[in-house]
Amino acid sequence: MVRRIFFVNSCKPGPGGGVAFLLAQLGAHAAFRFGERIAALGLSPPHAGILRLIAATPSCNQQGLAKRLGVVPSRMVMLIDELVEKGLVERKRSQKDRRHSELGLTKAGALTFEKLGRMATEHEADLCAALTLEERETLAALCRKIVHQQGLTPGVHPGYRKL
């Protein structure tokens, strides 16, 4: 069951609301639109994030991914099973520790990851079309500063903790 949280913009420091409301509004919109975009590949946003981390982390395992993403290990197994069934991820016995499996992208997974990258680039361009390149860089830098101050894991969507 997916829980949705709706914010009411009750205090209006400026036209359209304050920063926290605007960030929540844009974040929800961006996540929804990205989900729509990648549905064409038969993937959900959690699948896309897991593919990204597997591609970026050679020899990773389910336990490590679950810990990094803050996902309950049993849910991580289900998500990985779904990606294995789609032919995008494979489990291989670790050469370093035969008790564990390592995750890797299949050839189809690598091609899908490339498509996801193009889709993510298009998504960001569409979302930020009203901004100049300099404004986009400034906005990204300010958001990274807030991410750091709030103690969030860079590159990990906090929605994984709710899966």
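The values are calculated or read from the model by the stated rules, or taken from the named source; none is laboratory data. In this text, all values refer to a predicted model and were calculated from it rather than measured experimentally. Heads up, the Cβs are rebuilt from the backbone with ideal geometry, glycines too, and the neighbour counts pull from every protein chain shown.
Just so you know, in the range 82-106 the residues that are part of a loop (DSSP other than H, G, I, E, B) and basic (Lys, Arg) include one that is surrounded by the most Cβ atoms within 10 Å (Cβ to Cβ), and it is Lys86.
Looking at Ala28, is it assigned to a helix (DSSP H, G or I) and at pLDDT below 95? So Ala28 passes the test. Just one of (1) assigned to a helix (DSSP H, G or I); (2) without any contact (Cβ under 8 Å) to a residue 60 or more places away in the chain fails for His123. It is (2).
Checking the structure you have, find out if any residue of the range 123-137 is in contact with a helix residue (DSSP H, G or I) (Cβ under 6 Å, 6 or more places away or on another chain) and β-branched (Val, Ile, Thr).
Quick first cut of the range 123-137, residues in contact with a helix residue (DSSP H, G or I) (Cβ under 6 Å, 6 or more places away or on another chain) only: 123, 127-128.
Of the ones still in play, those that are also β-branched (Val, Ile, Thr) are none.
Looking through the range 123-137, none of the residues is in contact with a helix residue (DSSP H, G or I) (Cβ under 6 Å, 6 or more places away or on another chain) and β-branched (Val, Ile, Thr).
Just one residue in the set Leu139, Leu131, Leu116 is under 20 Å from Phe34 (Cα atoms) and surrounded by 15 or more Cβ atoms within 10 Å (Cβ to Cβ); that residue is Leu116. Only a single criterion out of (1) outside any helix (DSSP H, G or I); (2) in contact (Cβ under 8 Å) with a residue 12 or more places away in the chain is not satisfied by Leu79, namely (1). Search the range 55-74 for residues being in a helix (DSSP H, G or I) and in contact (Cβ under 8 Å) with a residue 12 or more places away in the chain, and hand back the single one that is surrounded by the most Cβ atoms within 10 Å (Cβ to Cβ). Among those that are in a helix (DSSP H, G or I) and in contact (Cβ under 8 Å) with a residue 12 or more places away in the chain, it is Leu69. Tally time: how many residues in the range 104-120 are touching a residue at least 12 places away in the same chain (Cβ under 8 Å) and either touching a Lys or Arg at 6+ places or on another chain (Cβ under 6 Å) or basic (Lys, Arg) (or both)? Qualifying residue count, the range 104-120: 2. The single condition among (1) closer than 24 Å to Leu65 by Cα; (2) more than 19 Å from the chain's Cα centre (by Cα) that Gly155 does not meet is (2). Considering only the range 134-153, I want to know if a residue exists there that is in contact (Cβ under 8 Å) with a residue 24 or more places away in the chain, part of a helix (DSSP H, G or I) and among the hydroxyl-bearing types (Ser, Thr, Tyr). Looking through the range 134-153, none of the residues is in contact (Cβ under 8 Å) with a residue 24 or more places away in the chain, part of a helix (DSSP H, G or I) and among the hydroxyl-bearing types (Ser, Thr, Tyr).
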